[in-house]
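Written below as structure tokens is the structure these notes are about.
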Amino acid sequence: MGFYASPQNVDYFLPQRNTLLIRGLVLTVTGSLLIVFSIVAPDVKIMSQSSAWLPMVAFVILLTGLLACLDTYILRHSKEFFVNLQIAVLDTVIGVFLLTELNRSEERIILLAAAYLLIKGIFRVFAALTVAFINANTAVSGGLLSVFLGVLLWQGWPSSSMWFICFCLSVDIMTRGLALTRFGLWLKGQYKIKETENL
């Protein structure tokens, strides 16, 4: 759910303002819960795997990617089509890889998660700065945090265990949800402004 929208094409998104806000809130709450679960119950077994909360995190990333694919298709005439498409494909592929790699070694999963966070974070920062979309500061902050967590994972500091992988990916989910929530709230404000102008 990239939704890299410049001020010129806000009309594409106005009809979806409530949906985007709800999806942003769901992502924020889901990411926050997964962060807490990763810290409070790091040794949980899901799907008969000792991979902590990784199956749930991978499922959320996959679902986010699939929804972003649908959004990209719906907004295929937008000038940000390729930006949104790249994000949708990356989330979908990483979600599938994480779900299929659950029984593999932690080193493979760490490298996959670190690469994902680095690519996604760098992409979000540069997309926010070059496309100049609404609430770019939220995306830049989230992107920089993802890059930072990706470097931590890559270097294995402070931990290279499954709970820390889940924690880092959950923080990324939460920050993306916050950015989408802010975008949805901004759209609601724009809709109210347009309504008052039409009166």
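Listing for the model above:
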item: Flag if D71 is in contact with a Leu (Cβ under 8 Å, 6 or more places away or on another chain), among the charged types (D, E, K, R) and either exposed (fewer than 14 other Cβ atoms within 10 Å of the Cβ) or not in a loop (DSSP other than H, G, I, E, B) (or both); result: no
item: Qualifying residue in the stretch 168-191 (condition: surrounded by fewer than 17 Cβ atoms within 10 Å (Cβ to Cβ), assigned to a loop (DSSP other than H, G, I, E, B) and of a type outside the set (D, E, K, R)); result: no
item: So A52, is it touching a strand residue (DSSP E or B) at 6+ places or on another chain (Cβ under 9 Å), modelled with pLDDT under 90 and either part of a helix (DSSP H, G or I) or not charged (D, E, K, R) (or both); result: yes
item: Test set (1) part of a helix (DSSP H, G or I); (2) out of contact with any Asp or Glu (no Cβ under 9 Å at 6 or more places or on another chain); (3) within 19 Å of F59 (Cα to Cα); (4) of a type in the set (A, V, I, L, M, F, W, C) - A128 fails condition number; result: (3)
item: Some residue of the stretch 143-163 being in contact (Cβ under 8 Å) with a residue 60 or more places away in the chain and within 20 Å of T64 (Cβ to Cβ); result: no
item: Near pairs, Cβ below 6 angstrom, 6+ apart or cross-chain, from the stretch 20-45 (without any contact (Cβ under 8 Å) to a residue 40 or more places away in the chain and of a type in the set (A, V, I, L, M)) to any residue that is surrounded by fewer than 16 Cβ atoms within 10 Å (Cβ to Cβ) and not in a helix (DSSP H, G or I); result: none
item: Any hit, the stretch 139-149, residues being outside any helix (DSSP H, G or I) and at negative phi; result: no
item: Which listed residue is basic (K, R), surrounded by fewer than 19 Cβ atoms within 10 Å (Cβ to Cβ) and assigned to a helix (DSSP H, G or I), from R108, R104; result: R108
item: Residue in the stretch 155-178 that is nearest to N103 (Cα to Cα), counting only those that are of a type in the set (G, A, S) and modelled with pLDDT under 90; result: S161
item: One residue from L102, L129 being touching a strand residue (DSSP E or B) at 6+ places or on another chain (Cβ under 7 Å), at pLDDT below 90 and not aromatic (F, W, Y); result: L102
item: Residue check for A113: surrounded by 14 or more Cβ atoms within 10 Å (Cβ to Cβ) and outside any helix (DSSP H, G or I); result: no
item: The stretch 80-103, residues that are charged (D, E, K, R) and within 20 Å of V125 (Cβ to Cβ); result: E80, D91
item: Any pair with Cβ under 6 angstrom, 6 or more apart, that starts in the stretch 53-64 at a residue that is more than 10 Å from L98 (Cβ to Cβ) and ends at one that is of a type in the set (G, A, S); result: W53/S38
item: Complete set of residues in the stretch 150-167 that are part of a helix (DSSP H, G or I) and not small (G, A, S); result: V151, L152, L153, W154, Q155, M162, W163, F164, I165, C166, F167
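The values are calculated or read from the model by the stated rules, or taken from the named source; none is laboratory data. This is a predicted model, so every value here is computed, not measured. FYI the Cβ positions are ideal-geometry reconstructions off the backbone, even for glycines, and counts take in every protein chain you see.
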